[in-house]
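What follows is a single structure, written as structure tokens, with notes after it.
The values are calculated or read from the model by the stated rules, or taken from the named source; none is laboratory data. Please read these numbers as outputs of a predicted model, since none were measured by experiment. So basically every Cβ, Gly included, is an ideal-geometry build from the backbone, and we count neighbours across all protein chains shown.
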């Protein structure tokens, strides 16, 4: 599989860069790492048998608060903090939300939330315009899209608790069976300095083909 995406995907990346400033992505990445660290520190106060549950809950609340503040500071008008509900910001045509996934089991992080399913469906115009044009349907300039900031929990700290190792930017397809674009935040940030070097990361790991039971916007289980 070539690492160089089609011209359409390159244009999609440029569209993201047009509406999402570098500082926003840096702040979102910091929010994920800070929330993870605080969640693990707080969880050490619990008995060993309770720590997996404690770190998940604490990580969710700390990360949500940090993510909310990052969006607020950058004028993204985030939805209010409310328990385990998904926090969603808006910059230009893009909505921005977040999710943590255990290892690279992306399906458990995305498809369990009905809210994230609804957010993914917004990407139908982006898919039609940049990734999979319909020969029988005239593509129109996209008026909306959703970007997910994805924290990958595939590490383990000295106390044996799951640990965040990287943060990614992902645009799922409307049917959540694949991705329109995926990249680590760190690689995507480089594109702001070198926009002509746009390349798509290997999409072999992220898979969204499970069909788990729908839930509400509760994303606590994967936090």
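Among the residues of segment 56-101, what is the count of those that are surrounded by fewer than 16 Cβ atoms within 10 Å (Cβ to Cβ) and either more than 27 Å from residue 16 (Cα to Cα) or out of contact with any helix residue (DSSP H, G or I) (no Cβ under 6 Å at 6 or more places or on another chain) (or both)?
Going through segment 56-101 one residue at a time, the tally reaches 8.
Only residues that are without any contact (Cβ under 8 Å) to a residue 24 or more places away in the chain and at negative phi: list them for segment 62-97, please.
Within segment 62-97, 68, 72, 78, 79, 80, 81, 82, 87, 89, 90 meet the criteria.
In segment 23-32, is there at least one residue being closer than 16 Å to residue 163 by Cβ and in contact with a strand residue (DSSP E or B) (Cβ under 6 Å, 6 or more places away or on another chain)?
Yes, segment 23-32 contains a residue that is closer than 16 Å to residue 163 by Cβ and in contact with a strand residue (DSSP E or B) (Cβ under 6 Å, 6 or more places away or on another chain).
Given the conditions (1) in a loop (DSSP other than H, G, I, E, B); (2) within 16 Å of residue 94 (Cα to Cα); (3) touching a residue at least 60 places away in the same chain (Cβ under 8 Å), and given that residue 181 satisfies all but one, which numbered condition is not satisfied?
Condition (1) is where residue 181 drops out.
Consider residue 30 carefully, then state whether it is in contact with a helix residue (DSSP H, G or I) (Cβ under 8 Å, 6 or more places away or on another chain) and crowded, with 16+ Cβ neighbours inside 10 Å.
no
Count, please, the residues in segment 43-55 that happen to be in a helix (DSSP H, G or I) and surrounded by fewer than 17 Cβ atoms within 10 Å (Cβ to Cβ).
Within segment 43-55, the first condition is being in a helix (DSSP H, G or I), and the residues that meet it are 43, 48-55.
Within this subset, residues satisfying the condition of being surrounded by fewer than 17 Cβ atoms within 10 Å (Cβ to Cβ) are 48-50, 52-53.
The number of residues fulfilling the criteria is 5.
From the set of residues in segment 171-180 that are at pLDDT below 95 and in contact with a strand residue (DSSP E or B) (Cβ under 6 Å, 6 or more places away or on another chain), which is surrounded by the fewest Cβ atoms within 10 Å (Cβ to Cβ)?
The selected residue is 173.
Of all residues being touching a strand residue (DSSP E or B) at 6+ places or on another chain (Cβ under 8 Å) and at pLDDT below 90 in segment 122-146, which is surrounded by the most Cβ atoms within 10 Å (Cβ to Cβ)? Just the residue, please.
Selected residue: 130.
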